[in-house]
1. Can you pull out every residue in region 143-169 that is open to solvent by 40 Å² or more (accessible area, probe 1.4 Å) and modelled with pLDDT of 80 or more?
2. Which one of the conditions (1) of a type in the set (D, E, K, R); (2) touching a helix residue (DSSP H, G or I) at 6+ places or on another chain (Cβ under 7 Å); (3) farther than 30 Å from MET36 by Cβ; (4) in contact (Cβ under 8 Å) with a residue 60 or more places away in the chain does GLU182 fail to meet, given that it meets all the rest?
3. Collect the residues in region 198-250 that are in a helix (DSSP H, G or I), out of contact with any helix residue (DSSP H, G or I) (no Cβ under 8 Å at 6 or more places or on another chain) and of a type in the set (A, V, I, L, M, F, W, C), keeping them in residue-number order.
4. Restricted to region 184-194, and to residues that are in contact with a strand residue (DSSP E or B) (Cβ under 7 Å, 6 or more places away or on another chain) and within 29 Å of VAL113 (Cβ to Cβ), which residue is modelled with the lowest pLDDT?
5. Can you confirm whether region 222-245 contains a residue that is closer than 16 Å to GLY119 by Cβ and open to solvent by 10 Å² or more (accessible area, probe 1.4 Å)?
6. Quick check, is LEU201 farther than 24 Å from ARG89 by Cβ and free of Cβ contacts under 8 Å to residues at least 60 places away in the same chain?
7. Can you pull out every residue in region 190-219 that is crowded, with 20+ Cβ neighbours inside 10 Å and within 17 Å of the chain's Cα centre (by Cα)?
8. Look through VAL74, VAL35 and report the one residue that is crowded, with 22+ Cβ neighbours inside 10 Å and farther than 24 Å from TYR163 by Cβ.
Amino acid sequence: MFSLELTQTPSRAEIGQKSRILVVEDEDLIREMIVMALEEQDYEVITATDGQKAVGLLQSIYTEPAESPIDLVVLDLMLPQVNGLDICRLLRRQGNPVPILILSAKGSETDRVLGLEVGADDYLTKPFSMREFVARCRALLRRQRLSAIAQPAVLQFKEIALYPQECRVMLRGEEISLAPKEFRLLELFMSYPRRVWSRELLLDHIWGPDFVGDSKTVDVHIRWVREKLERDPSHPEYIVTIRGFGYRFG
């Protein structure tokens, strides 16, 4: 399979330069329209016409010190060579937190949920208006910028140490593996210890306001995180259920 070695570099927006967007789209007309719309907003745009080329570009960007980082990936799902879901999985498995906006002609609830579950930050169904597309790109870039400004180097609570910029968690001195949604849940909890979160708030913060699946997905992910963190998941000390309200960390 493919591999991307991630090195931590500040986003261009953080150092006052144009945001750099990678557009991976095999349909010429759509790609050209997207590039034109983004460049009109003064973004720097690079493109790839298939999944293999996208992987090659990302490899060079994250392994060459002279290369500027990517601030947003706009990713079509139905790509030649390597499909968009595999690219999304690859980036998240390597701990790359770059925002990902999926574009797809597949608009069913199952398709949207799958795209978000593998690590995408937003999902836009074709056909779409360029005005909405640009607005979603702007929102993802703004969220990334605010997150980078607010992120501490490490979040510590009892035996857990979470490193937001490295997408890494240490438990009792040993690194543990968390899926992207699990990591984001834990990061949110540790950023606001003792705060009670309802399922609806967690869905909005982690899955996004456009999520259309069952709210029970929160319970499932909480259970998975507990199984990795707690000595006794049935009697948790970290993520506690507050009946009638939601969940609290600590």
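The values are calculated or read from the model by the stated rules, or taken from the named source; none is laboratory data. Just so it is clear, the model here is predicted, and its values are computed rather than measured. Ideal geometry is used to build each Cβ from the backbone, glycine not excepted, and the neighbour counts take in all protein chains shown. What goes into the accessible areas is simple: the full protein's heavy atoms, side chains included, and nothing from ligands, DNA or RNA. Shrake-Rupley method; radii C 1.70, N 1.55, O 1.52, S 1.80 Å.
1. Within region 143-169, the first condition is being open to solvent by 40 Å² or more (accessible area, probe 1.4 Å), and the residues that meet it are 143-147, 149-154, 156-159, 163, 165-168.
Of everything in region 143-169, those that are open to solvent by 40 Å² or more (accessible area, probe 1.4 Å) and modelled with pLDDT of 80 or more turn out to be ARG143, VAL154, GLN156, PHE157, LYS158, GLU159, TYR163, GLU166, CYS167, ARG168.
2. All conditions pass for GLU182, except number (4).
3. Answer for region 198-250, where residues must be in a helix (DSSP H, G or I), out of contact with any helix residue (DSSP H, G or I) (no Cβ under 8 Å at 6 or more places or on another chain) and of a type in the set (A, V, I, L, M, F, W, C): LEU201, VAL220.
4. First, pick out the residues of region 184-194 that are in contact with a strand residue (DSSP E or B) (Cβ under 7 Å, 6 or more places away or on another chain): 186-187, 189-191, 193-194.
If we keep only those that are within 29 Å of VAL113 (Cβ to Cβ) as well, we get 186-187, 189-191.
Details: LEU186: 94, GLU187: 92, PHE189: 93, MET190: 91, SER191: 88.
Filtering region 184-194 for residues that are in contact with a strand residue (DSSP E or B) (Cβ under 7 Å, 6 or more places away or on another chain) and within 29 Å of VAL113 (Cβ to Cβ), the one modelled with the lowest pLDDT comes out as SER191.
5. Within region 222-245, one or more residues are closer than 16 Å to GLY119 by Cβ and open to solvent by 10 Å² or more (accessible area, probe 1.4 Å).
6. On the way: farther than 24 Å from ARG89 by Cβ: yes; free of Cβ contacts under 8 Å to residues at least 60 places away in the same chain: yes.
In short, yes.
7. Filtering region 190-219 for residues crowded, with 20+ Cβ neighbours inside 10 Å gives 190, 197, 202, 206-207, 218.
Passing the criteria: LEU202, ILE206, TRP207, VAL218.
8. Details: VAL35 fails: crowded, with 22+ Cβ neighbours inside 10 Å.
Within the list VAL74, VAL35, the selection yields VAL74.
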